[in-house]
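Only one structure is covered here, and it is reproduced in the block below.
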Amino acid sequence: MQTAGSEQYKITPPRWLLAELTYSCPLQCPYCANPLDFAGIKDELSTEDWLRVLDEARAMGAVQLGLSGGEPLVRQDLPVLVKHARQLGYYSNLITSGYGMTESKIVELKEAGLDHIQISIQSPEKNLNDQLAGTESYEHKKEVARLVKKHGYPMVLCVVIHRRNIHQMREILEMAIELEADYLELANTQYYGWAHINRDQLLPTQEQFEQAEAIAQEYKEKLAGKMKIYYVVPDFYEDRPKACMNGWGTTFLTIAPDGTALPCHSARELPGLNCPNVKDMSVQDIWVHSEAFNRFRGFEWMKEPCRSCPEKVKDFGGCRCQAYLLTGDMHNTDPVCSLSPNRQKVFDAIFSARAEAEAGETKPLVFRNPKNSKTLSA
């Protein structure tokens, strides 16, 4: 039990473990959530380390396991990790671009006990998909989606939405129908990592968002009972922030490829957070005792207007990474909130993106690759 202001705060166990197995990836998406300096982050956890992390997180109560990256298919020990997760009782979800997946690999992972595969496609149009991915991958991704369905998995499709593809919303939904998707996640870009540096080139207008959302809603009604469509509402056109990670250090635990434990996948961007590593501490000690995971639990850390706002029990002050990237102080109210004294920062970002679009896209996209990573982190 911890004290959070005048209220008592009880630490609950993690329920969702996101295992970022590697930062390696054959794609170069300009909205990737991996850190800008990923090329300098070496020493990936060994198979034995990952098995121990799975053991320790499960012992604490974690039941959902996400296997992601980078591209998790790069790890040769993926079937070993999946099999161990099944033995421990996790529900496991492979979050993959699909690039490099083969039918034999799907069979191997199914035999190991994998529960769920999520495939991402950048666009319903081949040239744009391949341009955004930085790799010719469109036809292969569609074939993998069909193979996933063939082998008895639910067809789970994710399309990240931004200014370069939001005009294709109807075509995206028709592609999902063609692939017989059971679930479709329309994930409006969150502006962290590589998306943050490309925000002027990726952020759509409010009119584009509203039109795309209306089309998504039309298809949700038309496909009710046949396909579940999840439309992830964008932050910048809202007046209340999301409850980031369902509350800091309450539900989600992310382990980066080098073993760094993170309260959210973007927390590496926060200065002075001193995130612990599973090579040095147990998952139990990290979750309960580390400074990083306790930093934004409860309400004691909050500034005004969050501290006295009744909405704090719902949104927990919003996203710490977004507060830092927009205001320079991770303790500030998320500027998405209409009550934030820094709300103008959001309007400035919207104006800057609109001006870039109206000027004819004068700035090139910065694609995620080791060369750019080294340049940006220099």
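The values are calculated or read from the model by the stated rules, or taken from the named source; none is laboratory data. All values reported here derive from a predicted model rather than from experimental measurement. For neighbour counting, all protein chains shown are included, and Cβ atoms are generated from backbone atoms with ideal geometry for every residue, glycine included. With ligands, DNA and RNA removed, areas are computed over all heavy atoms of the protein, side chains included. Shrake-Rupley method; radii C 1.70, N 1.55, O 1.52, S 1.80 Å.
Among 201, 160, 214, flag the residue with its Cα farthest along the positive direction of the charge dipole of region 143-232, charges on Cβ as +1 for Lys/Arg and -1 for Asp/Glu. Looking along the dipole axis, the top candidate is 160. For the chain, a crude dipole built from +1 on the beta carbon of Lys and Arg and -1 on the beta carbon of Asp and Glu, taken about the Cα centre, is about 340 debye to the nearest 20. Rounded if a/c is under 1.5, else prolate if a/b beats b/c, else oblate: with a ≥ b ≥ c from the C-alpha gyration tensor eigenvalues square-rooted, which is region 137-185? Prolate is the answer for region 137-185, as a/c is 1.5 or above and a/b outweighs b/c. Only helical DSSP H runs with n ≥ 4 go in: add -39500 (n - 2.57) per run for the chain, normalise by residue count and round the 222 nm mean residue ellipticity to 500 deg cm²/dmol. That calculation yields -10500 deg cm²/dmol at 222 nm. 3J(HN,Hα) couplings calculated from phi for region 144-154 with the Karplus curve 6.51 cos²θ - 1.76 cosθ + 1.60 (θ = phi - 60°) are, in sequence order, 4, 4, 5, 5, 4, 5, 4, 9, x, 7, x Hz; Gly and Pro show x. For the chain, the solvent-accessible area with a 1.4 angstrom probe is 42 square angstrom per residue. The modelled label-to-label distance between residue 291 and residue 217, using points 7 Å beyond Cα along the C-beta direction, is 4.7 nm. Amide hydrogen proximity for residue 18: with H placed 1.01 Å from N in the peptide plane, the residues at 5 or more positions away or on another chain lying under 5 Å are 66, 253, 254, 255. The value obtained for the chain, namely the Cα convex hull volume divided by the number of residues, is 139 Å³ per residue.
Pop the C-beta distance of residue 344 and residue 102 into the FRET formula with R0 = 56 Å and round what comes out to the nearest 0.05. Taking R0 as 56 Å, the efficiency between residue 344 and residue 102 is 0.65. The portion of the accessible surface of the chain made up by carbon and sulfur, rounded to a whole percent, is 51 (1.4 Å probe; DNA, RNA and ligands excluded). Just to verify a number: FRET efficiency for residue 37 and residue 274, C-beta to C-beta distance, R0 = 22 Å, to 0.05? Calculated value: 0.85.
Working note: Karplus 6.51/-1.76/1.60 with θ = phi - 60° gives region 217-225 the couplings 5, 4, 6, 4, 6, 5, 9, 4, x Hz, where Gly and Pro are set to x. Once the Cα-Cα distance is subtracted from the 0.36 nm per residue extended length, the residue 46 to residue 139 segment shows a gain of 30.2 nm. Here, P(r) means the percent of Cα pairs in each 5 Å bin from 0 to the largest distance; for region 89-166 it is 3, 16, 27, 23, 14, 10, 5, 2, 0. In this label model, residue 361 and residue 149 are separated by 2.9 nm, measuring between points 7 Å along each Cα→Cβ vector. Converting phi to 3J(HN,Hα) with the Karplus coefficients 6.51, -1.76 and 1.60 and the offset θ = phi - 60°, region 308-316 yields 9, 8, x, 6, 4, 6, 9, 10, 6 Hz in sequence order, with x at every glycine or proline. Out of every Cα-Cα pair that region 255-378 contains, those further apart than 22 angstrom amount to 52 percent. Label-to-label distance, residue 182 versus residue 63, with points set 7 angstrom from Cα along the beta-carbon direction: 1.8 nm. Taken as Cα centroids, region 268-307 and region 14-78 sit 20 Å apart, rounded to the nearest whole angstrom.
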